[in-house]
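Undergrad: Sending over a structure as structure tokens; questions will come in a sec.
The values are calculated or read from the model by the stated rules, or taken from the named source; none is laboratory data. Since we're looking at a predicted model, the values are computed, not measured. For neighbour counting, all protein chains shown are included, and Cβ atoms are generated from backbone atoms with ideal geometry for every residue, glycine included. Side chains included, ligands, DNA and RNA excluded: accessible areas come from the protein's heavy atoms. Shrake-Rupley method; radii C 1.70, N 1.55, O 1.52, S 1.80 Å.
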Amino acid sequence: MNDDLKERWWAWHKKNPHVYKLFEEFTLRAIKKGHRKLSAWLVVNRIRWETSIETTGSDFKISNDFIALYARYFMHKNPKYDGFFRIKKMKRAEIEGETNED
């Protein structure tokens, strides 16, 4: 598998740790409200709203290519919520712990 996407995401993530913090915050908020499944795209679009509309400062863009990686990272860091995001096997990158059944 090509690890280029994973490497690009990790480098971007290290420069923008606040994005994952928001991803985790909004996901945990949805879980607390009773959601058993959610779209990672919905969470990322909420982050886009918050960082584009509600906050000030320099704009940044979250690549759509990174959304699946944030979902996997959340479930890796929060194993009790494994399966909260529906994931498929990635064509362009393999994430540690990902099975071929996804």
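Undergrad: Could you tell me whether F74 is modelled with pLDDT of 95 or more and surrounded by 12 or more Cβ atoms within 10 Å (Cβ to Cβ)?
TA: Details: modelled with pLDDT of 95 or more: yes; surrounded by 12 or more Cβ atoms within 10 Å (Cβ to Cβ): yes.
The answer is yes for F74.
Undergrad: Quick one: in the range 14-53, which of the residues that are hydroxyl-bearing (S, T, Y) and over 14 Å from I67 (Cβ atoms) is surrounded by the fewest Cβ atoms within 10 Å (Cβ to Cβ)? Please lay out each step first, then the result.
TA: Of all residues in the range 14-53, those hydroxyl-bearing (S, T, Y) come to 20, 27, 39, 51-52.
Checking which are over 14 Å from I67 (Cβ atoms) leaves us with 51-52.
Details: T51: 20, S52: 11.
Per the criteria, the residue is S52.
Undergrad: Same structure, new question: In the range 79-92, which residues are in contact with a Phe, Trp or Tyr (Cβ under 8 Å, 6 or more places away or on another chain) and either in a loop (DSSP other than H, G, I, E, B) or modelled with pLDDT under 95 (or both)? Show your work before the answer.
TA: Here is the first cut: in the range 79-92, the residues in contact with a Phe, Trp or Tyr (Cβ under 8 Å, 6 or more places away or on another chain) are 81, 84-85.
Residues satisfying the conditions are F84, F85.
Undergrad: Under 15 Å from the mean Cα position of the chain (by Cα) and either of a type in the set (D, E, K, R) or at pLDDT 95 or above (or both): is that true of K33 in this structure?
TA: Values: under 15 Å from the mean Cα position of the chain (by Cα): no; either of a type in the set (D, E, K, R) or at pLDDT 95 or above (or both): yes.
No.
Undergrad: Suppose we keep only residues that are modelled with pLDDT under 85 and open to solvent by less than 100 Å² (accessible area, probe 1.4 Å) within the range 54-65. Which one would you say is nearest to V19 (Cα to Cα)?
TA: F60
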